[in-house]
Amino acid sequence: MTKFEALGLDKSLLDAIADLGFENPSEVQEKAIPILLETETDLVALAQTGTGKTAAFGFPIIQKIDSASRTTQGLILSPTRELCLQITNELKLYSKYEKNISTVAIYGGASITDQARQIKRGAQIIVATPGRMKDMINRRLVDISKIDYCVLDEADEMLNMGFFEDIKDILSNTPDEKSTWLFSATMPKEVSIIAKKFMHSPQEITVGTKNAGTSTVQHEYYVVGGRDRYPALKRLADTNPDIFSVIFCRTKRDTQKVAEKLIEDGYSAGALHGDLSQNQRDLVMNSFRKKQIQMLVATDVAARGIDVDDITHVINYQLPDEIETYTHRSGRTGRAGKSGISMVIVTRSEMRKIKSIENKIQQKFISKKIPTGMEICEIQLYHLANKIKDTEINEDVEGYLSAINDVLKDVDREELIKKIVSVEFTRFYNYYNKTRDLNTQDSGDRGRDRDGRRGGEAPSSGSVRYFINVGEKDGYDWMSLKDFLRETVGLGKDDVFKVDVKDSFSFFNTDAEVTEKILATFTDLKVEGRFVNVEVSKNPGGGGGRRDRNRNSRSSGGGSFRRDRGKSGGGSGRDRDRSKKRERSFGKSENSGNRRSKRKKNDFF
Ligand code: ADP
Ligand code: MG
């Protein structure tokens, strides 16, 4: 008996679950599903984003509704169109082996007549945004007077977005004897008010701690001058060639500008904000989901519905006005058990806000430095070497090989490697060579990093940076790599720091005293049949020296390294045209993207 079977789910659902590839129920599923299947009860379920809440209510609702009747029996309210569509798609997958179950999505920005027609054909389950739902009730296009189940999904987000009155109105059109299931990541006052007002002695389940920020997220801040936000963002991107990120700006205008500049500078980026048409937003989201866009620049409101797994970094280009909002931003990464990084670019005068956020999320920030140009070059070089190693050979080159061999016949292997790498590397090198340090020297008076060191200050004994040839591909994230190093070398809790995991390699620091021990441990060490190699990082800035370097963000960037990563932009035809310019614009000075905004500096920074 599988664990899903043990929860009491029917065969048709179990088959669908097998197709989805879910092996074991998540914690919230394990707790919620049996309760919802066995009893008619109201339920409040608190679990962070990415913990599988959709299936926690989706499986039971599908099993419980009567497919022989065409009456609407279940209503799911969710904050945004995006989520609404996502839940509908998921429910369709869950019910693929059920005959005659119809799930219909109701949301703004699309034809109300079409939606009404679908409902009329008989939808047992409606998934709706509150605004459009209310509209359809007022126009008598839906009848929810006989529903048995009402789900409030992402209740905190819905209330955040000001849907309290709408929800109240909608619920007043539903029967009293229904069951209400409320799912939320956090439990702010407004959510408890809803629970008290509209629910009858609900059972409560909590996964993880209430209101806590996701603990799989590492929070970092970078102090720069106000005018250096954009170049800092680019460096963060360049340090992380495989970045897949959401970048938050405060206003629609900034969002648009940052996205445009990134695209101009050759990054695969797109903008998401309320001034775009629904169609444009859909295009951008689709490209992002397919990872054709690596950096999605978004406003808080537009990003509300983003429910994409695998986001490696959230970058706060500017801090939000409300501290609450930070939790929602950083919760976009570290989903589904993965680790993630939330980076904040701040000016010195904003440092107090970091403190308030730390209090709110009950987690410390790490003070990090914007990488120097040479650190970026080092990372890009390793990245390139790995990329060459992993590149699949295109057999069609065969026909040209003898001619190519002819051209290269006098170049020996070592020289050839140097040349191949230089083809790409020189671009980065020329770009970053002699660029200045972007870090504001005095990173404020606070700011010890997680290891208790003051931001920007080297430990008194001197710290050493290392390169190690394992990374994400080998299943490591910064937490597990740190544990691996500590256990393998036999080091104390705080001995390994500044762990930056890249795709196929990583960097970390230790104090100089343990360097010998580390290098000795990793002479000839094999893990699962493979040599694990550790070297002191060559880059004086990046590693060994007295400066506390850190590179931990990444984006793509300026660089030809990502040229082959598919289309950039994607948001609109205009964006796509821009992407053609990528190569050309690479090599502009770091600030060149600002040229336009320099004229109007004030409305940008
Ligand atoms: P939440 O609503 O809590 O933010 P979702 O329901 O959107 O989370 O699920 C997050 C991701 O985890 C989705 O990609 C989903 O398909 C996946 N998922 C959900 N349940 C399981 C499971 N039991 N096993 C594996 N993956 C799961
Ligand atoms: Mg959800």
(message) What does the C-alpha gyration tensor say about the overall shape of the stretch 119-230? Classify as rounded when a/c is under 1.5, otherwise prolate if a/b is larger than b/c, or oblate.
(response) prolate
(request) In whole Hz, with x marking every Gly and Pro, tabulate ³J(HN,Hα) for the stretch 173-181 from phi via Karplus 6.51 cos²θ - 1.76 cosθ + 1.60, θ = phi - 60°. (result) 8, 10, x, 5, 7, 6, 9, 10, 10
(request) Provide the FRET efficiency to the nearest 0.05 for the F164-S480 pair, computing r from the beta carbons and using R0 = 35 Å. (result) 0.25
(request) Mind giving me the nanometre distance, one decimal, between the label points for E90 and T435, set 7 Å out from Cα along Cα→Cβ? (result) 3.9
(message) Starting from the 7 Å offset along Cα-to-Cβ, what nm value, one decimal, do you get for the label separation of E528 and S67?
(response) 4.0
(message) How much length would be gained if the chain were fully extended between S192 and D275, taking 0.36 nm per residue of separation minus their Cα-Cα distance, in nm to one decimal?
(response) 26.5 nm
(request) Sketch the reach of a paramagnetic label on V301 as a point 7 Å from Cα along Cα-to-Cβ, and name the residues of the stretch 270-295 whose backbone nitrogen lies under 14 Å away. (result) 272-278
(request) Calculate the length of the line joining the C-alpha centroid of the stretch 474-533 to that of the stretch 1-74, in whole Å. (result) 41
(request) Compute the accessible area per residue over the stretch 66-130, keeping the other protein chains in place, probe 1.4 Å, unit Å². (result) 41
(request) Mind giving me the nanometre distance, one decimal, between the label points for S172 and D310, set 7 Å out from Cα along Cα→Cβ? (result) 4.6
(request) May I ask for the distance between the Cα centers of the stretch 305-351 and the stretch 271-301, given as a whole number of Å? (result) 17
(request) Express in nm, to one decimal, how much length is gained between S402 and E23 on full extension, taking 0.36 nm for each residue of separation and deducting their alpha carbon distance. (result) 131.4 nm
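The values are calculated or read from the model by the stated rules, or taken from the named source; none is laboratory data. Just so we're clear, the structure is a prediction, and the values are computed from it rather than from any experiment. Methodologically, a virtual Cβ is constructed for each residue, glycine included, from the backbone with ideal geometry; neighbour enumeration extends over all protein chains shown. For the accessible areas, the whole protein counts, side chains as well, though only heavy atoms, and no ligand, DNA or RNA atoms are used. Shrake-Rupley method; radii C 1.70, N 1.55, O 1.52, S 1.80 Å.
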